[in-house]
Amino acid sequence: MSYSYIDSDILLQPLLAQISSASTLLLDTEFIRVSTYFPKLGLLQLHLNAVDYLIDPLAINSINLLWDAIFSDHRLFVFHSCKEDLDVLQVCAQKLPGRVFDTQVAAAFLGYGASLGYAGLVEKVCDVTVAKDQTLTDWLARPLTAAQKLYAAKDVSYLQYLYDHLSQELNTTGKTEWFNEEMTALLEAKQQAVIPDELFREISGAWQLYPSELAVLRELAKWRYQTAISEDKPQNFIVREEVLADLSRKRPQTERELAQTDISYQQKNRYADAILQCIQKGMECPVELYPARIKRIMDFPHYKHDFKQIKQRVEIAAQDNNLPVELLGSRKLINQYLLWTYEGKSSDVEQPKITSGWRNKLLNL
């Protein structure tokens, strides 16, 4: 198996016109996101005109010309399991595709499994075994070995065949419209802005806090998120979730009191002033602006019974339509629906996914 390794602007230049004129792009990315908030792109793989291209972003100066070519028109982007690839594009190119075909999601609609990996799907559809022996590669290290390059090239080698096969199967089974709805929803979700003042709701243990404590947690969670972005570190590298909850309960007022909490010595030294300011701001919040206590879905009366009833309906519809239960109605989606009903179908609560589109047609809730 051969591939073309693009590690200079001279080699990239003739490829740009091919990329710009392609109606469909078959892509994959290799990146590192271990100790940073944002993913760091190590390699971009592209299958184009029957050739696998490995584009080295660390060796190319005119990387913006590449992004301009990739996003030059409203073309279709084909990936396998694209959520993290979209994160990479959003960070590196500051753009998202207008249309996406995710072969993993297509395979789920067709009964291959809820989240089948690339190698497993290639084996099922193409009857080819793809080795996954380089998954622990540091894609920012150079030079890449021949084995690493071959591994990366194979991640796009079969995308064209998978796309052709799966899109035909979707048409044959009448599921193309359902799949397209799912892809549109995926892209819309990626475009939704984070609301910093709402991040406290996602903190583990937040449901145990009183409104006055949640007012403090709201400030701490917002600060942690903004600090993670500015320092390009994972949020738990700034302060762990359980520490934020602990700080919101104890509300230390001085560095000595702060040192008596579960915060690490290094974090206290680095962030003490900012943390104490957040706590003070939260404590000064007017009572009428306190967040309401967070209701856990399982604390509502009849939750277990209601969940069981909906789950049974999902399982029957999934079996009748050769769909994974996780795709049609995961626990998260069912809980979203039940919370919406318990809250009186309030316009302040996001309408559940299973009450609209293709899921609603199958479940009729």
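Yes/no per residue for (1) modelled with pLDDT of 95 or more; (2) of a type in the set (Gly, Ala, Ser):
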{"site": "Ser115", "(1), (2)": "no, yes"}
{"site": "Val130", "(1), (2)": "no, no"}
{"site": "Trp139", "(1), (2)": "yes, no"}
{"site": "Trp178", "(1), (2)": "yes, no"}
{"site": "Ala185", "(1), (2)": "yes, yes"}
{"site": "Leu199", "(1), (2)": "yes, no"}
For this session: Scan region 20-40 for residues that are closer than 21 Å to Ile60 by Cα, of a type in the set (A, V, I, L, M, F, W, C) and open to solvent by 20 Å² or more (accessible area, probe 1.4 Å) and jot them down.
Result: Phe31, Ile32, Phe38
For this session: Could you tell me which residue of region 206-234 is farthest from the chain's Cα centre (by Cα), considering only residues that are open to solvent by 20 Å² or more (accessible area, probe 1.4 Å) and hydrophobic (A, V, I, L, M, F, W, C)?
Result: Trp207
Problem set entry | Of residues in region 176-194 being under 15 Å from the mean Cα position of the chain (by Cα) and touching a residue at least 24 places away in the same chain (Cβ under 8 Å), the one most open to solvent (accessible area, probe 1.4 Å) | Gln191
Exercise. So Tyr163 fits all but one of (1) touching a residue at least 24 places away in the same chain (Cβ under 8 Å); (2) loosely packed, with under 15 Cβ neighbours inside 10 Å; what number is the exception?
Worked result: (2)
Exercise. Does Lys250 satisfy being more than 20 Å from the chain's Cα centre (by Cα), open to solvent by less than 20 Å² (accessible area, probe 1.4 Å) and among the charged types (D, E, K, R)?
Worked result: no
Seminar exercise, completed: Across (1) over 30 Å from Ser2 (Cα atoms); (2) of a type in the set (Ser, Thr, Tyr); (3) part of a helix (DSSP H, G or I); (4) touching a residue at least 12 places away in the same chain (Cβ under 8 Å), Thr172 clears everything bar (4)
Exercise. If we keep just the residues of region 68-91 that are touching a helix residue (DSSP H, G or I) at 6+ places or on another chain (Cβ under 7 Å) and part of a helix (DSSP H, G or I), which is most open to solvent (accessible area, probe 1.4 Å)?
Worked result: Gln90
Seminar exercise, completed: Expected single match for among the charged types (D, E, K, R), part of a helix (DSSP H, G or I) and under 26 Å from the mean Cα position of the chain (by Cα) among Glu326, Glu350 is Glu326
For this session: Tell me, please, whether a residue that is within 11 Å of Gly282 (Cβ to Cβ), assigned to a helix (DSSP H, G or I) and of a type in the set (Gly, Ala, Ser) can be found in region 181-192.
Result: no
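Does Phe38 meet the test of being among the aromatic types (Phe, Trp, Tyr) and in a loop (DSSP other than H, G, I, E, B)?
Taking the combined requirement at face value, the residue satisfies it.
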Exercise. Consider Leu333 against the criteria (1) open to solvent by 30 Å² or more (accessible area, probe 1.4 Å); (2) closer than 25 Å to Asp197 by Cα; (3) of a type in the set (A, V, I, L, M); (4) outside any loop (DSSP other than H, G, I, E, B): it satisfies all of them except one. Which criterion is unmet?
Worked result: (1)
Exercise. Considering Asp133, Asp197, which residue is outside any loop (DSSP other than H, G, I, E, B), free of Cβ contacts under 8 Å to residues at least 60 places away in the same chain and under 25 Å from the mean Cα position of the chain (by Cα)?
Worked result: Asp197
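The values are calculated or read from the model by the stated rules, or taken from the named source; none is laboratory data. None of these values were measured; they are calculated from a predicted model. All Cβ positions, glycine included, derive from the backbone under ideal geometry; neighbour counts span all protein chains shown. With ligands, DNA and RNA removed, areas are computed over all heavy atoms of the protein, side chains included. Shrake-Rupley method; radii C 1.70, N 1.55, O 1.52, S 1.80 Å.
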